[in-house]
Amino acid sequence: MATLIVHGGAGAPPLHERPERQAAVERALEAGWERMSAGPLEAVLAAVRLMEDHPLLNAGIGAALNLDGVAELDAGLMEGTELRVGAVGAITDVRHPIDLAREVMEDGRHVLLVGTGASRFARARGLETCDPSLFVTERQLRRLHQGGDTVGAVARDDHGRTAVAVSTGGVYEKVPGRVGDSPIPGAGFYADDHLGVACGTGIGEVFMRLCLCFRVVQAMAEEGAEEAVRRALAWLEERTGGEGGLIAIDAAGQVGVAWNTPFMSWARRTG
Ligand code: ASP
């Protein structure tokens, strides 16, 4: 059985924004599901790509801005069969950061590229670039919402192959040059063939300190996804007082979803 879960970030968005965020996540789920027959990697990419275009979600257009008012974007993806990973950090001018993460993965020499070197790599690979102002929305300039809300997707197909993708503008009022957990394998996302796949949203510094997603995936060797994400979040709270959300799929195809913020938009499909 194939499964796809998508989230649009854990946080405390204004009440009136929540239905639209949920609708955006459900559209991303459908876009991802349509690509599921091409494999879990294509499914998570399609879902995240769509969320990068939605101005209410903190990824691509509408992302959180740094202290200079610039969107510096992070994204990462991983597939569990061969442990292939690609990630990018502090991207300002690449239209779809998740596509650039994919190029880094396909290229295979490195795991993580950041800043101007990553932009150059994007151009060399023929990716669409853009003016950095494309990502800046009025809503973010006026800081109408405080919170992080990375977007992410995890998938497992009926052969047990897994993939995960995440994309974010990071946290609000971040220092220029800051890279969060989202492009760090093990912190913001992780996939392993026999154990499962997970990704998170929350204050990245804390996720990095705890290597939270790696721990969820490891825990899934012993327990189901539901228990693994619940315990990881309890541990996050206990150890750091941190807030966030996690989604995961274990080796049996079971799904785990947990968050300790007021709201997290998410949707799943199995079939
Ligand atoms: N994890 C993201 C970061 O710290 C933000 C979030 O998901 O809330 O970059």
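Can you name the condition, by its number, that Arg120 falls short on among (1) closer than 24 Å to Ala38 by Cα; (2) not in a loop (DSSP other than H, G, I, E, B)?
(1)
For Val111, indicate whether it is touching a residue at least 40 places away in the same chain (Cβ under 8 Å), more than 23 Å from Gly160 (Cβ to Cβ) and aliphatic (A, V, I, L, M).
Spelling it out, Val111 is indeed touching a residue at least 40 places away in the same chain (Cβ under 8 Å), more than 23 Å from Gly160 (Cβ to Cβ) and aliphatic (A, V, I, L, M).
Scan the stretch 243-263 residue by residue and report those that are open to solvent by 10 Å² or more (accessible area, probe 1.4 Å) and within 26 Å of Pro14 (Cα to Cα).
Scanning the stretch 243-263 gives Glu243, Val257, Ala258, Trp259, Asn260, Thr261, Pro262, Phe263.
Out of Ala63, Ala43, report the one residue that is in contact with a Phe, Trp or Tyr (Cβ under 6 Å, 6 or more places away or on another chain) and at pLDDT 95 or above.
Within the list Ala63, Ala43, the selection yields Ala63.
So if I check each of Glu205, Glu222, Glu238, Glu227, which one is part of a helix (DSSP H, G or I), free of Cβ contacts under 8 Å to residues at least 12 places away in the same chain, open to solvent by 40 Å² or more (accessible area, probe 1.4 Å) and of a type outside the set (A, V, I, L, M, F, W, C)?
Testing whether each residue is part of a helix (DSSP H, G or I), free of Cβ contacts under 8 Å to residues at least 12 places away in the same chain, open to solvent by 40 Å² or more (accessible area, probe 1.4 Å) and of a type outside the set (A, V, I, L, M, F, W, C) leaves just Glu238.
Out of everything in the stretch 146-169 that is open to solvent by 10 Å² or more (accessible area, probe 1.4 Å) and more than 21 Å from Ala225 (Cα to Cα), what residue ends up being farthest from the ligand (Cβ to nearest atom)?
Among those residues, the one meeting the criterion is Gln146.
Under 8 Å between Cβ atoms, at least 6 apart or on separate chains: pull out the pairs that start in the stretch 12-37 with a residue that is more than 30 Å from Asp158 (Cα to Cα) and surrounded by 16 or more Cβ atoms within 10 Å (Cβ to Cβ) and end on any residue that is at pLDDT below 95 and charged (D, E, K, R).
Sorted first by the residue in the stretch 12-37, then by its partner, the pairs are Pro13/Asp149.
Could you list, in sequence order, all residues of the stretch 171-202 that are in contact (Cβ under 8 Å) with a residue 60 or more places away in the chain, near the ligand (Cβ under 8 Å from one of its atoms) and open to solvent by less than 10 Å² (accessible area, probe 1.4 Å)?
Matches in the stretch 171-202: Lys174, Gly180, Ser182, Gly188, Thr201.
Of the residues in the stretch 37-93, how many are part of a loop (DSSP other than H, G, I, E, B) and not β-branched (Val, Ile, Thr)?
22
Residue check: is Gln146 modelled with pLDDT under 95, assigned to a helix (DSSP H, G or I) and within 29 Å of Glu243 (Cβ to Cβ)?
So Gln146 does not fit the description; no.
Which numbered condition trips up Met1, out of (1) surrounded by fewer than 24 Cβ atoms within 10 Å (Cβ to Cβ); (2) at pLDDT below 95; (3) within 16 Å of the ligand (Cβ to nearest atom)?
Here Met1 meets the rest and fails (3).
Any idea how many residues of the stretch 94-115 are surrounded by fewer than 19 Cβ atoms within 10 Å (Cβ to Cβ) and either among the aromatic types (Phe, Trp, Tyr) or outside any loop (DSSP other than H, G, I, E, B) (or both)?
Of the residues in the stretch 94-115, 5 are surrounded by fewer than 19 Cβ atoms within 10 Å (Cβ to Cβ) and either among the aromatic types (Phe, Trp, Tyr) or outside any loop (DSSP other than H, G, I, E, B) (or both).
Is it the case, given these coordinates, that Arg139 is open to solvent by 70 Å² or more (accessible area, probe 1.4 Å) and among the basic types (Lys, Arg)?
no
Those residues that are closer than 12 Å to Val136 by Cα and more than 16 Å from the ligand (Cβ to nearest atom), I need them from the stretch 68-99; list them, please.
Passing the criteria: Asp68, Gly69, Asp93.
The values are calculated or read from the model by the stated rules, or taken from the named source; none is laboratory data. Only a predicted model underlies this, so the values are computations on that prediction, with no experimental measurement involved. Here the Cβ is made from the backbone with ideal geometry for all residues, glycine too, and neighbour counts use every protein chain on show. Quick note on the areas: whole protein, heavy atoms, side chains included, nothing else; ligands and nucleic acids left out. Shrake-Rupley method; radii C 1.70, N 1.55, O 1.52, S 1.80 Å.
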